[in-house]
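Peer 1: Take a look at the following structure, please.
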Amino acid sequence: MHDHSLRDQIVAEVHARPFQKLHAPLALSHKAILYEDVSPQTVDHAVRQLVDTWGLPRPDNDEGFFFTRNAEYALRFEPHSEFYSLTLYALETLMVPSWHRGEEEGLPGAYLCGVEVICQPYSEAELEPLLERHFGDHQVSGSAVMGGAGLVYTDFRERLDSRMSRVLVLQQPKMIEYRCGRLLQRICEIETYRHVALLGLPLSTELVPEVTRLDQSLAETVASIAEARREPAELVHELMQQAARVEELSARSANRLAASEAYFALLYSRIEELREERLEGIQTIEQFMDRRLDPARRTCRTTGERIERLSKRIARTTDLIRSQVDLSIESQNKNLLEGLNRRAKRQIRMQAKLESFTVIVVTYYAFDLIDRTLRNILGDTELERQLSLGLSLLVPLLALGLFWYLRRLLKGYDDE
């Protein structure tokens, strides 16, 4: 027995992105950045240079996920299939760590979204001033999370100075460090997955008019089939053009819309893991997402389903035209066979009419052959003249015999 070649990778996957032990007070800045044709190796090299910039310990691994920290700061790098995320923690302080301009410009890829999270101990007396200071007069969503171990507040608005949204986390005394780490990570993931999932919305909005136009064009084509107004060859050519256009739309949108659906599922999974409990007078994060994101999710899902249904309808319409062409060919073959049958019957009738002439001709040649034979054998004798006379009397019998033979030879042809 030997170890499978992928065993180590599979075993390590369970522990690939662990939660960290964190506690209040702390503040973090989280960024999600799309690769956009930048190789993961380039991103990995650039991110690891930040470790030296912030004076953090070098990660143990040479590539992929890492988390490193010292007494003041911590950095979490998490690569994904189409984006990577960076989370910078400022420990033992409520001041959100700021990325230096040179650091942001040095990071490869396209910035998508970010979130600032401030985690501090809960104080009921300071709640209203805190909400006023961080969110102003904006509508705030929030809830008690993880069995009441903490309170989460946010307005989901991007701040002009940092281009990030802000989340306030008030930690109750019963929240342990690992639970705090899970909570902060889920908040970052909710913000990230929310934006990545919405990448499919502009594409869906762009494709909807084209899908509607193709839908109407296909309906007109089906109406033409029903009314038999156009030739099948013309309809097939038109359907081929429509099918090519639908396949083009599918190739452009299938991966993006499928990814959006997957990210929406991850988003709602992370929200469910918060185990929210409603606070009086404030809508929960789940309610906010249901109200604001559910139409976008339905739009993306409906666009993908419409393209798929349109492709199936074109296939069914093509089968319908093919059936119509097959019926037309069968009708032509039937007419051709009927024509051949009519010509064959005419030939048989003509042959039957010519049978009498055939009997006469054959009788004549048979009589002449026998008569010449007798004349050559017997010469000009009395016996020859008597046999010739008898042969002449037997001509009707010879004709009847030949007629019977020809009728038997042609028996059944007329019926066929």
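The values are calculated or read from the model by the stated rules, or taken from the named source; none is laboratory data. The model shown is predicted, which means the values in this text are computed figures rather than measured ones. Every residue, glycine as well, gets a Cβ built from its backbone with ideal geometry; the counts of neighbours run over all protein chains shown. These area figures cover heavy atoms from the full protein model, side chains too; ligands, DNA and RNA do not enter into them. Shrake-Rupley method; radii C 1.70, N 1.55, O 1.52, S 1.80 Å.
Peer 1: By per-residue mean of other Cβ atoms within 10 Å, what is the highest-first order of 27-36, 374-383?
Peer 2: Final packing ranking: 27-36, 374-383.
Peer 1: Might you report the magnitude of the Cβ-based charge dipole of the range 145-261 about its Cα centre, with Lys and Arg at +1 and Asp and Glu at -1, to the nearest 20 debye? Mind dumping the intermediate values first?
Peer 2: On the way: 15 positive and 17 negative charges, 198 e Å.
Roughly 940 debye, rounded to the nearest 20.
Peer 1: Further question on the same structure: Given an 8 Å cut-off on Cα distances and at least 6 residues of separation, report the relative contact order of the chain as a percent. Could the numbers behind the result be given before it?
Peer 2: Numbers: 494 pairs, mean separation 58.0, N = 416.
Relative contact order for the chain comes out at 14 percent.
Peer 1: Among the helices of the chain (complete DSSP H runs), which have Cα atoms covering no less than 15 Å along the helix axis and a Kyte-Doolittle mean of at least 0.0?
Peer 2: 200-227, 355-378, 382-393, 395-409
Peer 1: Also, I was wondering about something else. At Asp290 and Leu389, where each label point lies 7 Å from the Cα along Cα→Cβ, what is the point-to-point distance in nanometres?
Peer 2: So the two model labels end up 12.8 nm from each other.
Peer 1: Quick one: compute the contact order of the range 24-76, relative version, from alpha carbon pairs under 8 angstrom and 6+ residues apart, as a percent.
Peer 2: Worked out over the range 24-76, it gives 22 percent.
Peer 1: Around Glu338, what is the net charge, scoring Lys/Arg as +1 and Asp/Glu as -1 over all other residues with Cβ under 14 Å from its Cβ?
Peer 2: +4
Peer 1: After finding the eigenvalues of the alpha carbon gyration tensor for the chain, what semi-axes result from the square roots of 5 times each, listed largest first in whole Å? Before the final figure, lay out each step's value.
Peer 2: Values: eigenvalues 1955, 130, 65 Å².
Over the Cα atoms of the chain, the ellipsoid semi-axes are 99, 25, 18 Å.
Peer 1: While we're looking at this one, here's another question. Counting pairs of alpha carbon atoms under 8 Å apart in space and at least six apart in sequence, what relative contact order in percent does the range 1-147 give?
Peer 2: Computed value for the range 1-147: 32 percent relative contact order.
Peer 1: OK, next. Of the heavy-atom accessible surface of the range 46-166 (probe 1.4 angstrom), what whole percent is carbon and sulfur?
Peer 2: Roughly 46 percent, rounded to a whole number.
Peer 1: What does the charge count near Leu184 come to, summing +1 for each Lys or Arg and -1 for each Asp or Glu among other residues with Cβ under 14 Å from its Cβ?
Peer 2: +3
Peer 1: Between His138 and Arg407, what is the spin-label point distance in nm, taking each point 7 Å from the Cα along the Cα→C-beta axis?
Peer 2: Between His138 and Arg407, the label points sit 11.1 nm apart.
Peer 1: Turning to a different aspect of this structure: With both bridge residues required to lie in the chain, what share of the DSSP beta bridges run antiparallel, to the nearest 5%?
Peer 2: 85 percent
Peer 1: What is the sum of charges around Tyr35, taking Lys and Arg as +1, Asp and Glu as -1, for the other residues whose C-beta is under 15 Å from the C-beta of Tyr35?
Peer 2: Local charge sum for Tyr35: -4.
Peer 1: Would you list which aspartates and glutamates come within 13 Å of Lys334, measuring only between C-alpha atoms, while excluding same-chain residues fewer than 8 positions from it?
Peer 2: Asp326
Peer 1: Further, regarding this structure: Taking the Cα centre of each part, how many Å lie between the range 202-232 and the range 54-115?
Peer 2: 50 Å
Peer 1: What nm distance separates the two modelled labels at Asp215 and Lys174, each placed 7 Å from Cα along Cα→Cβ?
Peer 2: Reported label-point gap for Asp215 and Lys174 is 5.1 nm.
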